[in-house]
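The values are calculated or read from the model by the stated rules, or taken from the named source; none is laboratory data. Only a predicted model underlies this, so the values are computations on that prediction, with no experimental measurement involved. Every residue, glycine as well, gets a Cβ built from its backbone with ideal geometry; the counts of neighbours run over all protein chains shown.
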Amino acid sequence: MARKSVKRSTAGRAARLSRRDLLQAAAVAALGLPSGARGATVAPDAVAPTPWWLAQFPERSRVVDAHASSVVHGASVDEMNLRDLLGRTIRELTAARSIESGWKMILGDARRIAVKFNQVGADVIGTSTSFARQIVHQLNEAGYPSKEIMLIETPPNLRHELETREPPVGWGGHLRVADQDDQFARYVLEADAIINVALLKTHQIAGMTGCLKNISHGIVRHPGRYHAQACAPFITQIFGHPEVTRRVRLNLLDGLRMVIRNGPDAREADIVNYGGLLAGFDPVAVDQIGLTLLALERRQHGLPGYIDVPALEYAARRRLGRAHPADIQRIAFEMS
């Protein structure tokens with residue numbers, strides 16, 4: 001049976017602001033948490049040491065929820081509007097006076113920076129190249145030269161265009177995942193800082209692809225091993241490794257064109273032009289808000305809103321980050 005298009009309707013756009021009020025209740029329902037519960041029970045195998053984003057922000061995790069319908073037109077991205085959206089997002093997240101100082105607050109004295117994208121479905125979604133250009137441009141203005149920036153899972157010609165550093169090939173280091181030995185991609189070990197740029201998509205195994213899975217299954221040598229149990233224990237074991245947590249400085253969740261069904265591969269009929277961008281230091285909190293938006297968009301198009309994402313709940317319970325809406329400071333804005 002042919003699939004119907006899920007292109008966003010004008011009525012859907014008009015309803016967006018009123019649906020903002022449903023975010024907190026929907027966040028609880030999306031994760032399957034009791035509505036009266038706050039904070040997940042900590043299991044004995046909680047991530048240790050505590051990730052820096054929980055230690056530095058002990059009360060709540062900040063997530064910027066930005067939206068600008070003018071950024072996407074059909075399958076095209078307006079890069080001028082994306083530049084403004086990204087810049088304001090960085091300022092809101094860091095409370096900095098300028099975009100440049102915001103990036104400096106995030107990256108500090110990092111010399112070599114890896115920007116990790118997701119290549120699965122990227123050609124159809126068509127937003128990663130524009131994001132890469134704007135990130136590199138803003139990093140350059142903040143004093144981080146292109147020659148020290150590595151673009152991961154982007155077309156080679158884009159690295160040539162932006163004159164960025166060629167990522168090293170091969171594997172190194174050591175980590176233990178599910179009682180098996182594995183290795184990191186060499187660029188992870190070479191980087192002082194990682195900017196995590198994920199695509200917001202459904203996933204037929206994990207339930208959802210976001211910031212957590214973009215790192216966990218994109219930086220190890222044998223990702224195919226770690227899809228059992230809906231990826232639940234493995235994502236936390238990989239992302240929670242100290243070599244990873246100390247390097248990931250920022251999580252961006254690209255919801256400009258959202259895959260609301262049949263992911264992680266992308267087909268135009270399954271994509272909604274949403275115009276959203278989420279940003280935060282805590283990847284669990286960013287993915288939780290992303291899951292909520294994904295659930296709301298699915299309901300708008302006659303699909304079940306609830307998506308089971310065991311890995312997200314597992315990560316929260318192991319204290320990799322915060323998932324309950326009461327523990328997340330959500331900063332929302334809309335750009336005309």
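For A206, the criteria (1) more than 20 Å from G290 (Cβ to Cβ); (2) surrounded by 24 or more Cβ atoms within 10 Å (Cβ to Cβ); (3) of a type outside the set (S, T, N, Q) hold in every case but one, which is (1).
What about L200, is it under 15 Å from the mean Cα position of the chain (by Cα) and either among the aliphatic types (A, V, I, L, M) or over 16 Å from P310 (Cα atoms) (or both)? Here the answer is yes, as L200 does meet what is asked. Taken over segment 93-123, residues that are buried (at least 16 other Cβ atoms within 10 Å of the Cβ) and at positive phi amount to 1. For segment 287-304, the condition of being small (G, A, S) and free of Cβ contacts under 8 Å to residues at least 12 places away in the same chain holds for at least one residue.
For the residues A132, A96, the requirement of being under 20 Å from V64 (Cβ atoms), small (G, A, S) and over 17 Å from the mean Cα position of the chain (by Cα) singles out A96. For segment 210-219, state whether one or more residues are small (G, A, S), over 23 Å from S146 (Cα atoms) and surrounded by fewer than 24 Cβ atoms within 10 Å (Cβ to Cβ). No, segment 210-219 contains no residue that is small (G, A, S), over 23 Å from S146 (Cα atoms) and surrounded by fewer than 24 Cβ atoms within 10 Å (Cβ to Cβ).
Scanning for something at pLDDT 95 or above, β-branched (V, I, T) and touching an Asp or Glu at 6+ places or on another chain (Cβ under 6 Å), does segment 126-135 turn up at least one residue? There is at least one residue in segment 126-135 that is at pLDDT 95 or above, β-branched (V, I, T) and touching an Asp or Glu at 6+ places or on another chain (Cβ under 6 Å).
Scoring G126 on the criteria (1) surrounded by fewer than 21 Cβ atoms within 10 Å (Cβ to Cβ); (2) under 19 Å from I215 (Cα atoms) leaves a single failure, condition (2).
Return a yes/no flag: does segment 213-228 have any residue that is in contact with a Pro (Cβ under 6 Å, 6 or more places away or on another chain) and within 25 Å of G102 (Cα to Cα). The answer is no; no qualifying residue exists. Of the residues making up segment 140-154, just one is touching a Pro at 6+ places or on another chain (Cβ under 9 Å) and among the β-branched types (V, I, T), namely I152. Restricting attention to segment 91-107, the residues that are touching an Asp or Glu at 6+ places or on another chain (Cβ under 9 Å) and touching a residue at least 60 places away in the same chain (Cβ under 8 Å) add up to 1.
Take segment 129-143 and flag every residue that is in a loop (DSSP other than H, G, I, E, B) and surrounded by 15 or more Cβ atoms within 10 Å (Cβ to Cβ).
The answer is A142, and nothing else.
No other residue among A332, A279, A269, A295 is within 23 Å of G126 (Cα to Cα) and surrounded by fewer than 18 Cβ atoms within 10 Å (Cβ to Cβ) apart from A269.
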